[in-house]
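**Student:** I have a structure here, written as structure tokens, and I will follow up with some questions on it.
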Amino acid sequence: MSSRPPDRPIVLASGSPRRRQLLEMLRIPFRVMPPDVDEHVLPGEAPDRYVTRLSRAKAEAVVARAPGELILAADTTVVLDGAIFEKPTSPGHAVEMLSRLQGRTHEVLTAVAVARNGDLQQALDVSRVTFRAADRAMLEEYVATGEPLDKAGAYAIQGLGAPLIERVEGDFFGVMGLPLRLALDLLARFGRPYRFTR
């Protein structure tokens, strides 16, 4: 029987229920400390630079409040034809976003950052999601559920948005908001390798 002391909880720098759900699924002990960062896209900012900058900003904001602790942050954005789809600002905006995505393939970029004190490391996941063709009435019904309103691209692949999806190429968890393979690799670099038993 191992007498290894239990891992100290990591700090999840996110208010996302999806990211919490994924850490709980893997039984990784954590506590939540949502960051307060401006998520607006800078003029001319490329999508990969945008998500990478935001994941870093989230980690740095929380590192300052939790010295010595291991911080995990992430940011996800949806990109179609080079345009960044942030979180919708209203139900009408969500329907408009979904209308542009339907019947098309878009990219989902999720950047992960892990930090402790002055050390910060990052990784980027890029996956491709193809939407089925859907009529406006179906999209309006989906938006009326309320689910899309706090999500980049206005949909949740693991929730009620599932019927809108035709195909995913890449990391399903990255599309959900936390590419687990990248997060686990980064945590291992900070001395926290993943173990199935605690």
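Any read-out appearing in this document is the output of simple, stated calculations on the displayed coordinates, not a laboratory observation. Note that the structure is predicted; figures quoted are calculated from it, not measured. In this analysis, Cβ positions are derived from the backbone assuming ideal geometry, glycine residues included, and neighbour counts consider all displayed protein chains.
**Student:** Give, in nm to one decimal, the length gained when the segment between Arg189 and Ser90 is fully stretched (0.36 nm per residue of separation minus the Cα-Cα distance).
**Tutor:** Additional length available on full extension: 31.6 nm.
**Student:** Report, in deg cm²/dmol and to the nearest 500, the calculated mean residue ellipticity at 222 nm for the chain, where each DSSP H run with n ≥ 4 adds -39500 (n - 2.57) and the sum is divided by the residue count.
**Tutor:** When only DSSP H runs of four or more count, the value is -9000 deg cm²/dmol.
**Student:** What is the extension gain from Arg104 to Val32, computed as 0.36 nm multiplied by their sequence separation minus the C-alpha to C-alpha distance, in nm to one decimal?
**Tutor:** Full extension of this stretch gives 22.4 nm more.
**Student:** Ranked from highest to lowest mean number of other Cβ atoms within 10 Å per residue, what is the order of the peptides 7-14, 187-194, 172-179?
**Tutor:** Taking the mean over residues of other Cβ atoms within 10 Å, the ranking is 172-179, 7-14, 187-194.
**Student:** Would you mind pulling out the separation of the Cα centroids of the stretch 66-107 and the stretch 9-27, in Å?
**Tutor:** So the separation of the two Cα centres works out to 19 Å.
**Student:** Sort 158-164, 113-119 by packing, meaning the average of other beta carbons within 10 Å per residue, with the highest value first.
**Tutor:** 113-119, 158-164
**Student:** ³J(HN,Hα) across the stretch 142-150 via Karplus (A = 6.51, B = -1.76, C = 1.60, θ = phi - 60°), whole Hz, x for Gly/Pro?
**Tutor:** 4, 4, 5, 6, x, 4, x, 6, 10
**Student:** What is the dipole size for the chain, taken about its Cα centre, with +1 at each Lys and Arg Cβ and -1 at each Asp and Glu Cβ, in debye to the nearest 20?
**Tutor:** Dipole magnitude for the chain comes out near 940 debye.
**Student:** If packing is taken as the mean number of other Cβ atoms within 10 Å per residue, what is the order of 37-44, 127-134, highest first?
**Tutor:** The packing order, highest mean first, is 127-134, 37-44.
**Student:** Could you give the angle, 0 to 90 degrees to the nearest 10, between helix 47-63's Cα long axis and the longest principal axis of the Cα atoms of the chain?
**Tutor:** 40 degrees
**Student:** Using a 7 Å offset from Cα along Cα-Cβ at Arg132, what residues in the stretch 161-198 end up with backbone N under 11 Å from the label point?
**Tutor:** Counting only backbone N, you get 162-167.
**Student:** Would you work out which of Ala59, Thr76, Val168 lies farthest towards the positive end of the dipole of the chain, given +1 charges on the beta-carbon of Lys and Arg and -1 on that of Asp and Glu, about the Cα centre?
**Tutor:** The Cα lying farthest towards the positive end belongs to Ala59.
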